[in-house]
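See structure below.
The values are calculated or read from the model by the stated rules, or taken from the named source; none is laboratory data. Since the structure is predicted, the reported quantities are computational estimates derived from the model, not experimental observations. Glycine gets a Cβ as well: all are built from the backbone with ideal geometry, and neighbour counts include every protein chain shown.
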């Protein structure tokens, strides 16, 4: 019988057995199954190592939960719409559907080759009409709920993709290095930055188009507050979402605006600004409106300069206009001083941030300061650092200095001298122009895309009726056959565009925008519950029972877009009465990146490693063993070799045991040690699986395998102990290396399939297993140190002496005392204990030593327990040093008694 494990030879057989027995299919009769889900892949053509890591994590946990007796829902599907498919099809003179379906076939075959245990009966594909019909149905329900808007908007436009991008799909890059804008919550850009398409990295421009929006801002407060309760999510992801939502508490401040007679028809008497620093209000020297502000547009009707500026700004990126702007003929009245302030239209002010207008406080805001310098606007400093006495009203030249910190108010009327924090509370409370308010940086979700390969928006445009929803019984509005063209192919197909109005029956034109693909993925996890349901997008009763997702795994690049959208969608569906839950994911695992030579694996960089290159089992075991799932790790052939060797070692141990007839029936002390170590390993590996620390689980498995190898070489192994150890190894590694585990289980004559076996449980109490392990490990290390320092080449006898009984009682009493207690008081209280019989001087010395180590030592077993542990493990020293090993308890007259301590036996070596 060969002792070499060849994964390629066995994988097809075991995959056939798993499929034959339907081991991964979940019955709809299951009760509250554990829902384990990896973010489904975009159909890009092939699996990459990021996919493998994601799905190895979910597969290992799903298998682990299944072995623990859970019903497990672990499905797979395809995020199949999107512009890259159109681009790939164009490059290959094909069409998006053919390309996508070919990708799906290839990627599914790769997933099956990797042995991932999916319930393929629940497979979904978002580009199929049976799925996107429900995108359209949900769009209609959201529209009826008032969560959809259609309006003209200046939008992000990618000239290469020829489509609109949502704000979250625009990346802000520094000209020197990538800017971490998502983490900082910065939606704008500066002169040193450029905004690029998240897919093709082409610089993004602006266009004004009629667009469809989901009003996600209606849920801004709830989305923000709900992050506090997501205790199963990484803190980093929650913080990124907080920053993106951008909650700010402050005040609306009302400025009366004077419009010159005859210059405008606008009937606007005041403009509200939002500020988080009301204490700076006396430093306001101008008012600035965004180019999209209602008043700015009204002024543009009669002011050609303003009109020209707004038109120019509309074509440029938000924030890319720098600090240019145009002064209007309007003036604003300062609400506290009555001073008349100039009103500008300025590109650095964004329409949908705050109120779309700002009070310019150039002495205390960097952007306002830049604008003031550009337009020669006065700078009025109203806050000075504590103790700065040189900022009086007679020193205006010094006030051009920018100061954004806190301090004392100056040039602020009756509030002069107040601390800025105090003034920030008093001023709003004493003036009617201030109203407490909360704003958010979050903007509505732009879902319109000018492309073919997406869900058609179920709307027709009628000259008489306006935009009209397509009736439910006419859904899905299916995509027509693909036509190669530039821009949006749907606009070029009259047979698709020309239709009749559902309301009046007159001629109408069908909406040619398709939905953002993030709509597809915002509810797909619900479709997995009932993928064949024909009269609803998902089974509401199952959703109420099976949701939320217990464990969701994906890359942190989805921290904003996808994860924010699924949280919004779940709340919206709950408000529609379709769900009871409001948060879709209980526990989120944000996987780290696989690196190669210090860089992220990427086809564009030519540094990828194909999953099949090292074999499916080795690859998936390595990506789990390399690091914690949320950490990045470096792919190295040397480290891959380590998990390959582990597989070969386990396989060799099992085959050797089957071939071997030389085993014992009777049990010895060292058999008991090995049996207990099996229990300790079971407990440790179980804890690591629960905490998703697969790398530590592999380390524990390697440790037990090494111990069993030593055990077999040391002496003829006891048959029951050794067989149990090998079966335990097979079961513990099964979630991570299922093909290998089935081979081991089968050779060792385990019951049934290991994938359906019960998770192993310790046969004895292992609550203090860490104490036993520490005792054995530290004792072994101490013996090695003595041998090395004393340069003992061949020890003949090793004696381990366990401390006297009174020391264990004294250690217990010390641990019970307050850590701040005086050393003498602790010693006296220990000596007063009736159970303690020992020399007072020895007790005092021991207590003093113990006090110094408090916080470093855990409670330890009694002397009998410690002696038993050392007796069971002494074979390890005999095996390592070839010496006779004895274990005894110290007596008061023993020369080693003073050295022996609880958990630290005295050691004598001849």
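The set of residues in region 775-811 that are under 49 Å from the mean Cα position of the chain (by Cα), surrounded by fewer than 18 Cβ atoms within 10 Å (Cβ to Cβ) and within 16 Å of residue 900 (Cα to Cα) comprises 778, 780, 781, 782, 786.
Here are 666, 613: which of them is over 25 Å from the mean Cα position of the chain (by Cα), not in a strand (DSSP E or B) and not assigned by TED's automatic domain parsing to the domain that holds residue 692? Unique residue meeting the criteria: 613. Residues in region 563-601 that are outside any helix (DSSP H, G or I) and either in contact with a strand residue (DSSP E or B) (Cβ under 9 Å, 6 or more places away or on another chain) or in the same structural domain as residue 639 (by TED's automatic domain parsing) (or both): 17 in all. Spot the failing condition for residue 68; the list is (1) buried (at least 19 other Cβ atoms within 10 Å of the Cβ); (2) at pLDDT 95 or above, and only one is missed. The number of the failed condition is (1). Of the strands (runs of 3 or more DSSP E) entirely within region 105-183, those holding at least 2 residues that are modelled with pLDDT of 85 or more, more than 30 Å from residue 9 (Cβ to Cβ) and more than 24 Å from the chain's Cα centre (by Cα) occupy 148-158.
Tallying residues that are within 21 Å of the chain's Cα centre (by Cα) and either surrounded by 24 or more Cβ atoms within 10 Å (Cβ to Cβ) or in a loop (DSSP other than H, G, I, E, B) (or both) within region 78-87 yields 1. Selection of region 276-334 for residues being more than 22 Å from residue 152 (Cα to Cα) and in contact with a helix residue (DSSP H, G or I) (Cβ under 6 Å, 6 or more places away or on another chain) yields 278, 279, 323, 326, 328. Within region 323-339, no residue that is not assigned by TED's automatic domain parsing to the domain that holds residue 279 sits with its Cβ atom under 8 Å from a residue that is assigned to a strand (DSSP E or B) and modelled with pLDDT under 95 at 6+ positions apart or across chains.
Here's the yes/no breakdown for (1) out of contact with any strand residue (DSSP E or B) (no Cβ under 9 Å at 6 or more places or on another chain); (2) within 30 Å of residue 704 (Cβ to Cβ); (3) not assigned by TED's automatic domain parsing to the domain that holds residue 905; (4) not in a loop (DSSP other than H, G, I, E, B):
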position: 798; (1), (2), (3), (4): no, yes, no, yes
position: 821; (1), (2), (3), (4): yes, no, no, no
position: 836; (1), (2), (3), (4): yes, no, no, no
position: 850; (1), (2), (3), (4): no, no, no, yes
position: 867; (1), (2), (3), (4): no, yes, no, yes
position: 877; (1), (2), (3), (4): no, yes, no, yes
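Close Cβ contacts (under 6 Å, 6 or more residues apart or on different chains) running from residues in region 617-643 that are in contact (Cβ under 8 Å) with a residue 60 or more places away in the chain to residues that are part of a strand (DSSP E or B) comprise 626/633; 627/633; 629/589; 629/591; 630/590; 635/594; 635/596. The number of residues in region 664-696 being without any contact (Cβ under 8 Å) to a residue 40 or more places away in the chain and crowded, with 16+ Cβ neighbours inside 10 Å comes to 3.
Every residue, every condition in (1) part of a loop (DSSP other than H, G, I, E, B); (2) at pLDDT below 95; (3) over 39 Å from the mean Cα position of the chain (by Cα), yes or no:
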residue	(1), (2), (3)
302	yes, yes, yes
318	yes, yes, no
331	no, yes, yes
335	yes, no, yes
345	no, no, yes
350	yes, yes, no
354	yes, yes, no
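Just the residues that are assigned to a helix (DSSP H, G or I) and modelled with pLDDT under 95, please, taken from region 546-561. If the condition is that a residue be assigned to a helix (DSSP H, G or I) and modelled with pLDDT under 95, then 556, 557, 558, 561 are the ones that fit.
Residue-by-condition table, conditions (1) over 22 Å from residue 51 (Cα atoms); (2) at pLDDT 90 or above; (3) out of contact with any helix residue (DSSP H, G or I) (no Cβ under 7 Å at 6 or more places or on another chain):
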residue: 580; (1), (2), (3): yes, yes, no
residue: 590; (1), (2), (3): no, yes, no
residue: 627; (1), (2), (3): no, yes, no
residue: 656; (1), (2), (3): yes, yes, yes
residue: 659; (1), (2), (3): yes, no, yes
residue: 662; (1), (2), (3): yes, no, yes
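Residue check: is residue 766 closer than 28 Å to residue 879 by Cα, surrounded by fewer than 13 Cβ atoms within 10 Å (Cβ to Cβ) and out of contact with any strand residue (DSSP E or B) (no Cβ under 8 Å at 6 or more places or on another chain)? The answer is no for residue 766.
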